[in-house]
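Note sheet for the following structure.
The values are calculated or read from the model by the stated rules, or taken from the named source; none is laboratory data. The model shown is predicted, which means the values in this text are computed figures rather than measured ones. When we count neighbours, we look across all protein chains shown, and the Cβ atoms used for this are built from the backbone with ideal geometry, even at glycine.
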Amino acid sequence: MPTADDFQALARSSPWLWRSAHLRYRGGLGEAEAWVERPGRTRVRPATGEEQVLEEDRPSVAYVSFSGTASELTVKRPNEVEPVRRTDGLVSARPQDLSIAYGDPVWRNYSWVALLDPVELSSGVAVDRVGSEVRSGRETWTARLAPLADYQATCGCCALLWSRVAADEAGFHKPGNTYPSSYDVALDRATGIVVSARPSTPGFEDRSSLAFEVDVMSHDAWPPVG
């Protein structure tokens, strides 16, 4: 049975677990089938509307200013650098070099990027009720998560755990607004992709805009390093 540490390690491991995935999504962004290819390409077929091909042409060089001095950095993808790993291969610490380009192409908003790489769930959240189950033949880890004061969403306005903390961070909180305080979340064990997120706070369970489900139809892993 996984522990809270295991769940959070899986949440930070996605960039090193898979290079392509075929998904079906249902939730606040609508319904769609998607094929994600790392690095930088996503094809999305919405249930309504035209198919979209999203591609990111990131520059190979970035310029960062330190104390008025510009430094040239060679941009790297996460799979080109090695994180600190645990004995089970999951990531205990991600490289934080400014030259590393994390993230997949955005579809509709950044909650899409976050569900593909849910690093925001690896810290700043209380983890409870961790479990393991099989969904559509795939091992899945589940947990109840409550955002803490230091929760940092990939994008504050479309956090996976929309909450008072996220609203404050995004500058969206207004007096009288109420928010869920916890969510039931499931991660696909092979990829780290969020396959389910739903408020567990009484009164918010049926708030469809805050919930989604993802079916991982298939995936291809990165080849072993070395």
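Within segment 95-125, the set of residues being touching a helix residue (DSSP H, G or I) at 6+ places or on another chain (Cβ under 7 Å), surrounded by 16 or more Cβ atoms within 10 Å (Cβ to Cβ) and not hydroxyl-bearing (Ser, Thr, Tyr) comprises ILE100, GLY103, ASP104, ALA114, LEU116, ASP117, PRO118, VAL119, GLU120, LEU121. Residue-level check: of (1) at positive phi; (2) among the small types (Gly, Ala, Ser); (3) more than 12 Å from the chain's Cα centre (by Cα), GLY103 misses just (3). Annotation: of all residues in segment 125-147 being within 16 Å of the chain's Cα centre (by Cα) and among the hydroxyl-bearing types (Ser, Thr, Tyr), the one that is farthest from GLN8 (Cα to Cα) is THR140. Checking each residue in segment 163-186 for being in contact with a Pro (Cβ under 7 Å, 6 or more places away or on another chain) and either in a loop (DSSP other than H, G, I, E, B) or farther than 23 Å from ARG12 by Cα (or both) picks out SER163, PRO180.
Here's the yes/no breakdown for (1) in a strand (DSSP E or B); (2) farther than 26 Å from ALA197 by Cβ; (3) out of contact with any Pro (no Cβ under 6 Å at 6 or more places or on another chain); (4) at pLDDT below 90:
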{"site": "PRO15", "(1), (2), (3), (4)": "no, no, no, no"}
{"site": "ARG26", "(1), (2), (3), (4)": "yes, no, yes, no"}
{"site": "ALA32", "(1), (2), (3), (4)": "yes, no, no, no"}
{"site": "VAL36", "(1), (2), (3), (4)": "yes, no, yes, no"}
{"site": "PRO59", "(1), (2), (3), (4)": "no, yes, yes, yes"}
{"site": "ALA62", "(1), (2), (3), (4)": "yes, yes, yes, yes"}
{"site": "SER71", "(1), (2), (3), (4)": "yes, yes, yes, yes"}
{"site": "GLY89", "(1), (2), (3), (4)": "no, no, yes, no"}
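All of (1) in contact with an Asp or Glu (Cβ under 6 Å, 6 or more places away or on another chain); (2) farther than 20 Å from VAL195 by Cβ hold for ARG144 with one exception: (2). Checking each residue in segment 38-49 for being touching a Lys or Arg at 6+ places or on another chain (Cβ under 7 Å) and either surrounded by fewer than 20 Cβ atoms within 10 Å (Cβ to Cβ) or farther than 16 Å from ALA221 by Cα (or both) picks out PRO39, GLY40.
On the stretch given as segment 141-158, residues that are crowded, with 20+ Cβ neighbours inside 10 Å and either among the hydroxyl-bearing types (Ser, Thr, Tyr) or farther than 25 Å from PRO39 by Cβ (or both) total 6.
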